[in-house]
Amino acid sequence: VWQVKPHGALKLLWEISGSNTHLERTDLPLSSSEISKTARVPKMKASRTSATVQSLNDEIAELVVQRKGAEFGKYYADDAIYAPYDMPMLTGKTAIDAYYREHEDPNNLIRAARINALSVIPAGEYVLEDALYQVDWGGKTGAHGTVTGKNITVWKRQPNGQLLMFRQMAVHD
């Protein structure tokens with residue numbers, strides 16, 4: 001996400017990288033680096049818009065824990081595009097809804113999910129969000145782990161004032 005500065009200069013605000021094919025950790029330049037699980041997440045400047053976005057994130061995280069992927073569709077605009085990690089973009093609410101329904105593995109239990117907005121920028125009818133997420137999971141076989149990732153989301157304000165996801169890209173470890 002670039003900010004246009006005075007006189008047309010550009011400033012990089014946020015970035016995210018991903019792939020529509022699987023990447024091995026050894027293929028990544030920082031593959032030997034470890035991110036501390038206790039790393040501090042910067043506090044976002046509070047505003048009505050950032051509180052609304054964080055509230056939506058909290059609702060979505062609770063649906064993840066409850067394994068209610070069928071309810072994710074209500075958070076997406078009809079013409080939304082979602083770019084999940086390790087697969088091609090999904091275009092339209094119907095495709096995104098099908099992805100979330102299929103994505104729920106009944107053999108895995110979700111112990112906790114958190115989505116933390118780092119930065120929220122109102123931009124007219126859109127709201128730009130940079131966020132980190134963490135999902136703690138456990139399998140019926142006793143396996144368990146933590147997935148950490150990043151989202152960049154463009155929310156679009158609807159005529160009734162509701163924010164719906166218009167564009168989203170996610171990556172995770």
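The values are calculated or read from the model by the stated rules, or taken from the named source; none is laboratory data. None of these values were measured; they are calculated from a predicted model. Here Cβ is always computed from backbone atoms with ideal geometry, including for glycine, and neighbour counts include all displayed protein chains. When the accessible area is computed, the model is the full protein with side chains, heavy atoms only, and any ligands, DNA or RNA have been set aside. Shrake-Rupley method; radii C 1.70, N 1.55, O 1.52, S 1.80 Å.
Here the spin labels are modelled as points 7 Å beyond Cα on the Cα-Cβ line, and at ALA123 and ASP79 they lie 1.6 nm apart. In region 66-173, what trypsin sites (Lys or Arg not before Pro) fall in a loop by DSSP, with at most 16 other Cβ atoms inside 10 Å? Qualifying residues, ordered by number: ARG67, LYS68, LYS140.
Figure legend: label point modelled 7 angstrom from the Cα of ALA95 along Cα→Cβ; no residues of region 144-164 have amide N under 14 Å from it. A convex hull fitted around the alpha carbon atoms of region 40-141 yields 120 Å³ per residue.
The fraction of accessible area contributed by carbon and sulfur in region 34-173 is 55 percent, rounded to a whole number (1.4 Å probe; ligands and nucleic acids excluded).
Computed over region 91-173, the alpha-carbon pair-distance distribution with 10 angstrom bins reads 15, 37, 34, 12, 2, each value a whole percent. Test of understanding: extend the Cα→C-beta vector of ILE60 to 7 Å, then name every residue of region 154-173 with backbone N under 17 Å from that spot. From region 154-173, the list is 154-158, 162-173. Along the axis of the charge dipole computed for region 31-173 (Cβ charges of +1 for Lys and Arg, -1 for Asp and Glu, origin at the Cα centre), the listed residues MET87, TYR76, ILE60 are led at the positive end by ILE60. When both region 61-103 and region 110-134 are represented by their alpha-carbon centers, they are found 16 Å apart.
What's the whole-number percent of alpha carbon pairs in region 60-102 lying beyond 17 angstrom? Mind showing how you got there, number by number?
Details: 245 of 903 pairs.
Every Cα pair in region 60-102 considered, those over 17 Å come to 27 percent.
For region 125-164, the ratio of Cα radius of gyration to the globular rule of thumb 2.2 N^0.38 Å stands at 1.80. At a probe radius of 1.4 angstrom, the accessible area of region 69-173 per residue rounds to 51 square angstrom.
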